[in-house]
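Undergrad: If you scroll down you'll find the structure; I have some questions about it.
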Amino acid sequence: MLEERDRRVLADIEQHLSAGDPAFARRMRSGGPPACPFPTVSVLCVGAFLSLPFLGLFLGPRAVLIAINVTAAVIMVVLLCRHRF
């Protein structure tokens, strides 16, 4: 059990922390362990790495460049979506 003074100090620290970083405070209030997101970026990179030789062999260097550009754009969209939420 905490004394009344310690509870007030703790509540004050919690209030300042919530005001400074609301996302962190929300995660701490949820109680459970942090969710580990699916490694989307890693899967996209591995998929591109494995598909590029076949694209180059069957469709040529232009297809490789297009695939690299598309992969980079999809990775940027994934990272932007993760950053917003």
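Undergrad: Round to the nearest 10 and give me the degree value, 0 to 90, for the angle of helix 4-20's Cα axis relative to the longest principal axis of the chain.
TA: Roughly 30 degrees between the two axes.
Undergrad: How do 60-67, 75-82 rank on mean C-beta neighbours within 10 Å, highest first?
TA: Working: 60-67: 13.2, 75-82: 11.5.
Highest mean packing first, the order is 60-67, 75-82.
Undergrad: Which whole-number percentage describes the relative contact order of the chain, with Cα contacts under 8 Å and a sequence gap of 6 or more? Can you show the working numbers first?
TA: Values: 21 pairs, mean separation 16.9, N = 85.
RCO, the chain: 20 percent.
Undergrad: Turning to a different aspect of this structure: Equivalent ellipsoid semi-axes for the chain, as square roots of 5 times the alpha carbon gyration tensor eigenvalues: give them largest first, rounded to whole Å.
TA: 49, 12, 6
Undergrad: Right, next: I'd like the carbon and sulfur percentage of the solvent accessible area for the chain, probe radius 1.4 Å, heavy atoms only, ligands and nucleic acids excluded. Don't jump to the answer; show the numbers that get you there.
TA: Details: 5260 of 7480 Å².
About 70 percent, which is the carbon plus sulfur part of the accessible surface.
Undergrad: Per residue, how much accessible area does the chain have with a 1.4 Å probe, in Å²? If you can, show how the numbers build up before the last one.
TA: Details: 7480 Å² over 85 residues.
I get 88 Å² per residue for the chain.
Undergrad: Only Lys, Arg, Asp and Glu count, each charged at its Cβ (+1, +1, -1, -1), so figure out the dipole size of the chain about its Cα centre, rounded to 20 debye.
TA: Details: 9 positive and 6 negative charges, 70 e Å.
Roughly 340 debye for the chain.
The values are calculated or read from the model by the stated rules, or taken from the named source; none is laboratory data. All values derive from a computational prediction rather than experimental measurement. Quick reminder, even Gly has a Cβ in these numbers, built from the backbone with ideal geometry, and neighbours come from all protein chains shown. These area figures cover heavy atoms from the full protein model, side chains too; ligands, DNA and RNA do not enter into them. Shrake-Rupley method; radii C 1.70, N 1.55, O 1.52, S 1.80 Å.
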